[in-house]
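Enquirer: Following this message is one structure expressed as structure tokens.
FYI, it's all coordinate maths here, none of it is from the lab. As the structure is a prediction and not an experimental result, all values here were calculated from the model.
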Amino acid sequence: MTVSMRRRAFLRTSVAATAGLVAAATLPGAALAQSDNSDAYAFGAAEWMRIPAIDVDSHITDVGVVDGFYDVPWFDVGHHANSHNPGAVGNSIFNGHVVTLNAGEVFRHLDQLQAGDAVYVYTPAYRLNWVVVEAFSVDQADNSFLDNTDEPRVTLYTCTGQFNPIERNYAQRLVVSTQLVSVAPRS
């Protein structure tokens, strides 16, 4: 294991441990005591996302599967409609374009996020504060990052790697995994 890999592993462990302690101290009691019905205590549907480190300040649109692939909104962040609402136990999944000719590039700088960076997701009544735990790339056929989780998680992803003009697709997906830190009512 290289020094860089050990440092990343240490940062992931440190950030996760710190975020876990803060989350346990600041989440509403009902959110910590959820049943298998993870949306039983819901903060509501995601409306807006801010990621200050990369200047994302965007409306969120629910997206579904079109022709076997998740749709990506032209100028907004997309929330997988069949994933959990943010803050519920499970994986709340968001996508966005990286580089396009005719649409926005809301996740153009997603590759610049680092462990510890803040991600804010707004619902009608709450601001959910998340912290980046890790960022990694996977092959375009690897959908394991879409799997459900046993804890509240926000997963962000976009295209990365080599663009194939014949398939009109990128070779990889850049994935950013976050952990819930706190929830605050919107004022």
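Enquirer: According to the Kirkwood expression over distinct Cα-Cα pairs, how big is the hydrodynamic radius of segment 77-187, in Å?
Expert: Values: mean 1/r = 0.0684 Å⁻¹.
Kirkwood hydrodynamic radius for segment 77-187: 14.6 Å.
Enquirer: List, in order, the whole-Hz ³J(HN,Hα) value for each residue of segment 57-64 obtained from phi through the Karplus relation with A = 6.51, B = -1.76, C = 1.60 and θ = phi - 60°; use x for Gly and Pro.
Expert: The phi angles translate into 8, 9, 5, 10, 10, 5, 10, x Hz.
Enquirer: More than 15 Å apart: what percent of Cα pairs in segment 128-184 qualify?
Expert: Percentage above 15 Å: 54.
Enquirer: Mind listing the long-range amide H neighbours of Arg127? Cut-off is under 5 Å, sequence gap 5 or more, other chains count too, H placed in the peptide plane at 1.01 Å from N.
Expert: Amide H neighbours of Arg127: Ala184, Arg186.
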